[in-house]
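Worksheet for the structure shown next.
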Amino acid sequence: MTRPLLIGLSPRILHQAPAELGFRNKTLQYLEQSVAHWIMRRRALAFMLPAIETGGVERSSVRISDYVREIDGLVLQGGADVSPISYGETPVRPEWSGDRVRDLYEMELFWECVVQGKPVLGICRGLQLINVALGGSLYQDIATEHPNAISHVDQALYDQHRHPVLIEENSRLAKLYGEGYQHLVNSIHHQAIKRLGRDSEVEAVSSDGIIEAIRMRGTCYVTGFQWHPEFHGGASELLDSGPILDDFLAAAEKQRR
């Protein structure tokens with residue numbers, strides 16, 4: 001039998017673990033279960049790719065290119081804000097400082113995948129990271145910088161907070177779902193794309209014009225979604241996340257051949 005596809009996931013990083021977890025003064029790297037199980041639904045294998053930091057593994061022993069060579073595709077999962085420093089700005093508030101360490105690692109992973117032709121799929125923060133890696137910028141806080149925007153985050157509702165998105169005509173998403181239709185998705189973000197990165201196209205927007213999906217032009221498969229498709233399972237009223245996953249895995253299978 002042909003071996004399953006090997007999909008790498010960038011880690012979430014907890015730089016200061018709560019004392020009750022029993023890891024005093026230690027850094028934790030982890031992934032959220034739903035995203036791993038979403039990938040594994042199609043018999044692909046999910047592997048977390050721990051970040052390489054100074055003081056840990058020496059880069060001469062383990063390189064980013066080694067990681068990417070072994071996987072068939074990369075998923076940049078959600079999590080902490082992208083640091084404004086990563087797109088040339090100063091954080092307006094301390095709580096919007098983001099995770100610069102993770103930014104740098106994921107941008108390395110992203111560009112190595114592009115170099116090696118490995119497909120990349122970004123989820124929420126992952127979409128924002130791709131946009132920043134391509135030279136774009138973000139709203140540090142939608143409600144502050146885009147006051148006419150609809151609500152994109154609700155702390156109480158979390159993944160039960162939803163709004164429709166409109167898929168752009170003639171986009172790859174339109175080929176998967178049809179053109180001109182509005183689809184309901186979850187919304188769990190207070191940052192969003194402000195200036196679109198180079199060599200990328202908008203694939204979906206919300207009613208207030210906030211970019212909800214992008215794709216990079218060129219031969220390498222790179223796409224990103226502001227919503228969490230891995231949280232859509234079991235909710236029939238939400239956009240079916242199956243076509244997104246199947247399209248990504250088909251690209252991974254194609255590059256493997």
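Farthest toward the dipole's positive end in the chain, which of TRP227, VAL62, CYS124, given Cβ charges of +1 (Lys, Arg) and -1 (Asp, Glu) about the Cα centre?
VAL62
With r as the distance between the Cβ atoms of HIS146 and ARG3 and R0 = 35 Å, compute the FRET efficiency 1/(1 + (r/R0)^6) and round to 0.05.
With R0 = 35 Å, the Cβ-Cβ based efficiency is 0.15.
Quick check: residue separation of LEU157 and ARG195 times 0.36 nm, minus the Cα distance between them. What number comes out in nm?
Roughly 10.8 nm would be gained on extension.
Along the charge dipole of the chain, pointing to its positive end and built from +1/-1 on Cβ of Lys, Arg, Asp and Glu, which listed residue (GLY242, ILE7, LEU157) has its Cα farthest out?
ILE7
So what's the net charge close to ALA204: Lys and Arg +1, Asp and Glu -1, counting the other residues with Cβ under 9 Å from its Cβ?
-3
Can you give the three extents of the C-alpha atoms in the range 1-90 along their principal axes, from longest to shortest, in whole Å?
That works out to 47, 33, 29 Å along the principal axes.
Taking every pair of Cα atoms in the chain, average 1/r, invert it to obtain the Kirkwood radius, and report Rg/Rh to two decimals.
The Rg/Rh ratio comes out at 0.95.
So what is the 222 nm mean residue ellipticity for the chain from helices alone, if each DSSP H run of at least 4 adds -39500 (n - 2.57) and you divide by all residues, rounding to the nearest 500 deg cm²/dmol?
Rounded to the nearest 500, the figure is -7500 deg cm²/dmol.
Please calculate how many Å² of accessible area the chain carries per residue, with a 1.4 Å probe and no DNA, RNA or ligand atoms counted.
Solvent-accessible surface per residue comes out at 48 Å².
I need the fraction of alpha carbon pairs in the range 48-193 separated by more than 25 Å, rounded to a whole percent.
It works out to 38 percent of all Cα pairs.
Nearest-5 percent of antiparallel DSSP beta bridges in the range 115-257?
Approximately 85 percent, going by the DSSP bridge assignments.
Per the 1.4 Å probe, what fraction of the accessible area of the chain, in percent, lies on carbon and sulfur atoms?
50 percent
Over every pair of different alpha-carbon atoms in the range 184-257, take the mean of 1/r and invert it; report that Kirkwood radius in Å.
Computed over the range 184-257, the radius equals 13.7 Å.
Write out the trypsin sites (Lys or Arg not before Pro) in the range 1-53 meeting two conditions: DSSP loop, and at most 10 other Cβ atoms within 10 Å of their Cβ.
ARG24, ARG43
The values are calculated or read from the model by the stated rules, or taken from the named source; none is laboratory data. On a predicted model such as this, the values are computed, not experimentally measured, just so you know. Cβ coordinates were reconstructed from backbone atoms using ideal geometry, including for glycine residues, and neighbour counts include every protein chain displayed. Surface accessibility is based on the protein's heavy atoms, side chains included, excluding ligands, DNA and RNA. Shrake-Rupley method; radii C 1.70, N 1.55, O 1.52, S 1.80 Å.
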